[in-house]
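Enquirer: Got a structure here, written out as structure tokens. Questions coming.
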Amino acid sequence: MKKLIVFISGRGSNMKRIIEETQNGILKGLAEVVLVFSDKPDAPGLDIARQMGIETETLSSKGLKRKEYDEEVSKIIEKYPFDFLILAGYMRILSPEFVRKYPKKIINIHPADTRRHQGLDAYKWAFENRLPETKITVHYVDEGMDTGEIIAQKTVDLRGCKTLEEVEQCGLVEEHKLYSKIIKKLCYN
Ligand code: GRF
């Protein structure tokens with residue numbers, strides 16, 4: 001069984017799906033979530049994780065520099081031996097030192113083609129540019145912002161979406177399916 005740590009900052013819908021898949025779906029018997037960590041002690045996803053029987057830890061970043069904060073995070077997560085660190089809506093940029101500590105172990109999902117759009121508001125970018133389709137990307141995390149090696153992409157048809165909310169809804173449905181599918185592949189490597 002591969003051990004996963006999931007990092008979140010907010011609602012945690014990707015996290016929830018991954019936990020469901022480990023408990024009763026395509027990741028059952030292959031992977032387990034050993035910890036959900038959040039930089040936001042009030043992230044709604046934390047309650048969901050706890051209700052699903054998953055251990056949680058949080059650490060507020062107030063007053064800490066990026067490197068110091070990540071050193072503290074390392075101390076926390078190293079209590080839970082893990083194979084992959086899954087970023088699922090984790091809104092902090094990781095320090096280079098942290099990234100270098102876990103080569104090819106940190107995975108992220110980005111709601112756009114990372115070669116075309118990096119950083120926040122990727123669905124808004126797709127909506128405002130009236131893109132007929134966008135590409136969800138799962139990638140390894142390197143020291144840049146959404147620049148790591150691409151593991152997989154999934155095209156999402158946006159032609160039927162009339163509002164930003166609809167674009168997000170269409171994209172999230174695909175994110176939820178793609179992330180666990182790719183984690184499954186990584187578990188076999
Ligand atoms: C998702 O769109 C993900 O791709 C992006 O942040 C959002 C997180 O949503 N990195 P959720 O917390 O998983 O619902």
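The values are calculated or read from the model by the stated rules, or taken from the named source; none is laboratory data. None of the values given here were measured: they were computed from a predicted structure. Heads up, the Cβs are rebuilt from the backbone with ideal geometry, glycines too, and the neighbour counts pull from every protein chain shown. To get the accessible areas, we keep the full protein, side chains included, count just its heavy atoms, and leave off ligands, DNA and RNA. Shrake-Rupley method; radii C 1.70, N 1.55, O 1.52, S 1.80 Å.
Enquirer: Cα to Cα, under 25 Å, and not fewer than 8 places away if on the same chain: which lysines meet these conditions relative to LYS124?
Expert: LYS16, LYS40, LYS135, LYS154, LYS162, LYS177
Enquirer: Step through the residues of the stretch 90-107 one at a time and calculate ³J(HN,Hα) from phi using the Karplus curve (6.51 cos²θ - 1.76 cosθ + 1.60, θ = phi - 60°), rounding each to whole Hz and writing x for Gly and Pro.
Expert: 8, 8, 9, 7, 7, 5, x, 4, 5, 4, 5, 5, 10, x, 6, 10, 9, 10
Enquirer: Please list the non-local residues whose amide H lies under 5 Å from the amide H of ALA31, H modeled 1.01 Å from N, same-chain partners needing a gap of 5 or more.
Expert: The list, which skips near neighbours in sequence, is LYS2.
Enquirer: Let me ask something additional. So what is the relative contact order for the stretch 97-189, in percent, with contacts set as C-alpha pairs under 8 Å and at least six apart?
Expert: Values: 134 pairs, mean separation 24.7, N = 93.
Relative contact order here is 27 percent.
Enquirer: While we're looking at this one, here's another question. Once the Cα atoms of helix 66-77 and of the chain are each reduced to a long axis, what angle between those two axes, in degrees from 0 to 90 to the nearest 10, is obtained?
Expert: 70 degrees
Enquirer: With a/c under 1.5 counting as rounded, go ahead and sort the stretch 25-86 into rounded, prolate or oblate using the C-alpha gyration tensor (a ≥ b ≥ c being the square roots of the eigenvalues; past the cut-off, prolate if a/b is larger than b/c, else oblate). Walk me through the numbers before you get to the answer.
Expert: Details: a/c = 2.90, a/b = 1.55, b/c = 1.87.
Oblate, since a/c reaches 1.5 and b/c is not below a/b.
Enquirer: From the phi of every residue in the stretch 179-188, what ³J(HN,Hα) in whole Hz does the Karplus formula 6.51 cos²θ - 1.76 cosθ + 1.60 yield, where θ is phi - 60° and glycine or proline is x?
Expert: 4, 5, 4, 6, 4, 4, 4, 5, 5, 7
Enquirer: Would you list THR58, THR134, THR147 from the most to the least accessible area, probe 1.4 Å? Intermediate values should be presented prior to the final figure.
Expert: Numbers: THR58 50, THR134 5, THR147 80 Å².
Reading off the accessible areas and sorting them downward yields THR147, THR58, THR134.
Enquirer: As a test question: what accessible area, to the nearest 10 Å², does MET91 have when a 1.4 Å probe is rolled over all protein chains in place?
Expert: Its heavy atoms expose roughly 120 Å² to the probe.
Enquirer: Residue by residue through the stretch 115-130, which ³J(HN,Hα) values in whole Hz follow from phi under the Karplus form 6.51 cos²θ - 1.76 cosθ + 1.60 (θ = phi - 60°), with glycine and proline marked x?
Expert: 7, 10, 8, 10, x, 6, 6, 5, 6, 4, 4, 5, 5, 5, 8, 6
Enquirer: Please list ARG116, ARG92 in order of solvent-accessible area, largest first, computed with a 1.4 Å probe with all protein chains present. Kindly include the intermediate steps, with their values, before the conclusion.
Expert: Working: ARG116 145, ARG92 45 Å².
Largest to smallest exposure gives the sequence ARG116, ARG92.
Enquirer: Points 7 angstrom from Cα along the Cβ direction at GLN118 and GLU71: gap in nanometres?
Expert: Going by the 7 Å Cα→Cβ label model, 2.6 nm.
Enquirer: Assuming R0 = 25 Å, what is the FRET efficiency of ASP157 and ILE26, from their Cβ-Cβ distance, to the nearest 0.05? Present the calculation step by step, with values, prior to reporting the outcome.
Expert: Values: r = 23 Å, r/R0 = 0.93.
Calculated value: 0.60.
Enquirer: Round to a whole number: what % of the accessible area of the stretch 24-119 belongs to carbon and sulfur, probe 1.4 Å?
Expert: Heavy-atom surface of the stretch 24-119 belonging to carbon and sulfur, 1.4 Å probe: 49 percent.
Enquirer: If only Cα atoms are counted, what is the Rg of the chain, and what is its Dmax, in Å?
Expert: Rg and Dmax of the chain, Cα atoms, are 16.0, 46 Å.
Enquirer: Give the angle, between 0 and 90 degrees and rounded to the nearest 10, that separates the Cα long axis of helix 13-24 from the longest principal axis of the Cα atoms of the chain.
Expert: 70 degrees
Enquirer: How many percent of DSSP beta bridges within the chain run antiparallel, rounded to 5? Don't skip to the answer; put the middle values down first.
Expert: On the way: 11 of 28 bridges.
DSSP beta bridges in the chain are roughly 40 percent antiparallel.
Enquirer: Taking only protein heavy atoms into account and a 1.4 Å probe, give the accessible area per residue of the stretch 44-98 in Å². Spell out each step's value before the answer.
Expert: Working: 2970 Å² over 55 residues.
I get 54 Å² per residue for this part.
Enquirer: Sticking with this structure for a sec: ILE93 label point, 7 Å along Cα→Cβ, cut-off 14 Å on backbone N: hits in the stretch 131-154?
Expert: The answer is 142-148.
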